[in-house]
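Reviewing the structure listed below.
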Amino acid sequence: MKYEMQTEKGGMRKMNTREDAKQLLELVEEGTSPFHVTAWVERQLLAAGFEKLSMERDWGLDNGGKYYVVYNGSSLAAFTIGKRFTFGDAFRIGAAHTDFPGLRVKPSPEILKDGYRQLNVEVYGGAILNTWLDRPLSAAGRVVLRSKDVFHPEIRYLDIKKPFLTIPNLAIHLNRDMNKGVELNKQKDMLPVLGLEGEEKQEDFFLEFLADRLHVDKREILDYELGLYNGEPGCFLGMKEEFLSAPRLDNLTSVQAIVAGLLKGGRDRGVNAAVFFDHEEIGSRTKQGAGSMFLSAVLERILLAYGRGREKFLETFGESMLLSVDVGHALHPNQADKNDPTNKDVLGKGICIKESSSQSYATDSQAVAVMQQICEAAEVPYQKFVNRSDGTSGSTLGSIASSFLPVKTVDVGVPLLAMHSSRELMGTADQESLGRALEAFYSL
Ligand code: ZN
């Protein structure tokens with residue numbers, strides 16, 4: 001499938017609609033922890049000629065420049081400055097999250113019991129627990145090592161890559177009521193097995209395993225943030241490959257689309273920014289989450305680097321705009337009454353613009369109208385999503401980020417089925433639609 005897009009010079013550009021979906025599958029494979037998602041974004045930016053900045057040093061910025069800054073390993077802000085940028089020009093910001101629900105390894109996690117080696121884990125975010133059973137699981141994240149300077153321990157990223165754990169289901173023969181629904185206890189029922197007891201019963205077998213992978217002595221390891229992830233690759237699915245089935249589509253769909261949009265789009269005036277926050281799945285209220293000063297600090301520093309102060313920064317609020325990009329709930333064919341009766345979002349029919357009067361999705365009609373006009377200008381199909389009045393279906397970082405940066409904010413994203421399952425389902429064509437919407441947002 002191909003689509004054509006009008007370029008700035010009036011020519012037509014042919015694009016393959018699968019380009020975005022294929023890059024998404026690559027990101028699913030590499031983005032196995034918030035740190036690895038951030039590292040993937042960083043690699044795309046470096047390949048496109050972006051320059052790395054540090055929060056701890058002065059920024060020398062130029063019109064036409066492309067920059068990014070990483071914060072605490074799992075959050076990142078990138079921006080491009082228009083060639084004819086002047087102070088007070090608006091910011092256009094795309095925001096998504098780098099984390100996903102799952103299981104995190106606790107400290108001292110080793111369990112030797114009844115002939116098995118198991119790990120003590122805790123649930124991170126709103127995971128659908130039963131979808132984590134019987135999967136080939138691996139682990140990724142960061143491990144922090146002893147250093148000479150006590151305030152700067154050594155940080156290593158680690159992705160074990162191969163599946164080495166699983167959480168086996170109970171046989172139906174041992175629970176004949178299983179198909180009536182099973183409540184899983186987070187402490188008792190979600191512990192993965194990763195080996196058999198064997199001859200040597202070393203108490204810290206997981207620490208030894210990590211040390212071996214990192215080629216360090218186990219005494220060097222002080223702490224870690226390691227998450228289990230579904231090690232299955234994503235795939236196209238459906239008679240005409242209308243669907244894409246993969247782990248972590250919430251919210252890697254948005255990460256891919258924002259990066260692609262930022263790299264393809266561009267404006268002569270103003271600043272285009274992309275920000276990727278950690279900790280959305282646990283409420284965003286952390287130093288590298290959307291409920292922090294990180295985004296507004298980065299944007300204010302752009303003007304400070306030009307020798308302009310807070311007043312010029314505050315002047316940008318009126319014209320600036322934030323797209324909070326995250327997945328939406330598509331209508332489930334077997335559970336159609338779970339969605340709103342008059343706004344029914346379907347896979348493959350375009351991006352969702354999410355609205356909620358409770359502001360669980362950032363909603364104001366002026367900002368939504370701007371987004372609709374952007375979609376229409378770029379010929380991007382869109383659908384409106386609202387919750388059923390007698391139900392709730394979560395929230396996004398949009399309202400939280402805009403309470404720290406009061407600019408026009410809209411919630412958009414691809415429609416999704418099985419959100420927060422360890423494997424989710426989307427419409428293949430929607431990824432390209434989202435990428436094109438972002439490109440238009442950064443270009444018009
Ligand atoms: Zn999400």
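Which chymotrypsin sites (Phe, Trp or Tyr not before Pro) from the range 81-173 combine a DSSP loop assignment with at most 13 other Cβ atoms within 10 Å?
Working: sites: Phe85, Phe87, Phe91, Tyr116, Tyr124, Trp132, Phe151, Tyr157, Phe164; in loops: Phe85, Phe87, Phe151, Phe164.
Counting only loop positions with at most 13 other Cβ atoms within 10 Å, the chymotrypsin sites (Phe, Trp or Tyr not before Pro) in the range 81-173 are Phe151.
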**Q.** Cα-centre dipole for the chain with unit charges at Cβ (Lys and Arg positive, Asp and Glu negative), debye to 20
**A.** 760 debye
Q) Looking at the square roots a ≥ b ≥ c of the eigenvalues of the Cα gyration tensor of the range 189-298, which shape do they give, rounded for a/c under 1.5, prolate if a/b is larger than b/c, or oblate? A) oblate
Q) From the backbone phi of the range 141-158, what are the Karplus-calculated ³J(HN,Hα) couplings (6.51 cos²θ - 1.76 cosθ + 1.60, θ = phi - 60°) in whole Hz, Gly and Pro given as x? A) x, 10, 10, 10, 10, 4, 9, 5, 8, 4, 7, 10, x, 7, 10, 10, 8, 9
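Based on the alpha-carbon gyration tensor of the range 27-143 and its eigenvalue square roots a ≥ b ≥ c, which shape applies: rounded if a/c is under 1.5, prolate if not and a/b is larger than b/c, or oblate?
In terms of gyration-tensor shape, prolate.
What does the convex hull of the Cα atoms come to per residue for the range 278-347, in Å³?
148 Å³
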Q.
Limiting things to C-alpha atoms, what are the Rg and the maximum Cα-Cα separation (Dmax) for the range 213-369, in angstroms?
A. 20.4, 60
Q: May I ask for the distance between the Cα centers of the range 18-48 and the range 177-251, given as a whole number of Å?
A: 21 Å
Q) Over the range 39-91, what is the percentage of antiparallel beta bridges among all DSSP beta bridges, to the nearest 5? A) 65 percent
**Q.** Three principal axis lengths of the range 77-137 [C-alpha, angstrom, descending]
**A.** 69, 25, 18
Q: Set Lys and Arg Cβ to +1 and Asp and Glu Cβ to -1, take the dipole of the chain about its Cα centre, and tell me which of Ala305, Met239, Leu184 lies farthest positive.
A: Ala305
Q) Using Cα atoms only, what is the angle between the long axis of helix 18-30 and the major principal axis of the chain, expressed in degrees (0 to 90) to the nearest 10? A) 40 degrees
Q) Size of the dipole of the range 299-382 about the Cα centre, Lys and Arg at +1 and Asp and Glu at -1 on the beta carbon, nothing else charged, in debye to 20? A) 240 debye
Q. Quick one: which of 278-287, 356-365 comes out on top by average Cβ neighbours within 10 Å, and what's the full order, highest first?
A. 278-287, 356-365
Q: Please find, in a Gaussian network model of the chain (springs between Cα atoms separated by less than 10 Å), the residue of Asp204, Asp411, Asp250 whose mean-square fluctuation is greatest.
A: Asp204
Q) For the chain, what is the percent of antiparallel DSSP beta bridges, rounded to the nearest 5? A) 70 percent
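In deg cm²/dmol, rounded to 500, what helix-only [θ] at 222 nm does the chain give when every DSSP H run of at least 4 residues adds -39500 (n - 2.57) and the total is split over its residues?
Numbers: 9 runs with 107 residues, N = 444.
Here the helix-only value at 222 nm equals -7500 deg cm²/dmol.
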Q. Taking Cα centroids, how far is the range 52-69 from the range 373-444 in Å?
A. 29 Å
Q) What is the pair-distance distribution P(r) of the range 295-426, computed from all Cα-Cα distances in 10 Å bins starting at 0, with each bin given as a whole percent? A) 12, 38, 29, 15, 6, 1
Q. Hey, how much of the P(r) for the range 258-303 falls beyond 14 Å, as a percent of Cα pairs?
A. 58 percent
Q: Extending each Cα 7 Å along its Cβ direction at Gln366 and Lys188, get the distance between those two points in nm, one decimal.
A: 5.5 nm
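Based on the Kirkwood radius over alpha-carbon pairs, what is the Stokes-Einstein translational diffusion coefficient of the chain at 10 °C with 1.306 mPa s viscosity, in µm²/s?
For these conditions, the coefficient is 69 µm²/s.
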Q. If you line up the Cα atoms of the range 140-189 on their principal axes, what length do they span on each, largest first, in Å?
A. 58, 23, 13
Q.
Over the Cα atoms of the range 353-407, each weighted equally, I'd like the Debye log10 I(q)/I(0) at q = 0.14, 0.22, 0.24 Å⁻¹, rounded to two decimals.
A. -0.42, -0.91, -1.01
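Which order do Asp212, Asp340 fall in if you start with the one that has the fewest other Cβ atoms within 10 Å?
Numbers: Asp212 10, Asp340 17.
In increasing order of surrounding Cβ atoms, one gets Asp212, Asp340.
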Q | Kirkwood Rh in Å, taken over the range 29-79 so that all alpha-carbon pairs contribute | A | 11.5 Å
Q: Assign one of three labels to the range 113-253, namely rounded, prolate or oblate, based on the Cα gyration tensor with a ≥ b ≥ c the square roots of its eigenvalues; rounded applies when a/c is under 1.5, prolate when it is not and a/b is larger than b/c, and oblate otherwise.
A: oblate
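Values in this text are rule-based calculations from the coordinates and carry no lab data. Quantities reported herein were computed from a predicted structural model and do not represent experimental measurements. A quick note on method: Cβ atoms are made from the backbone with ideal geometry, for glycine too, and the neighbour counts reach across all protein chains shown.
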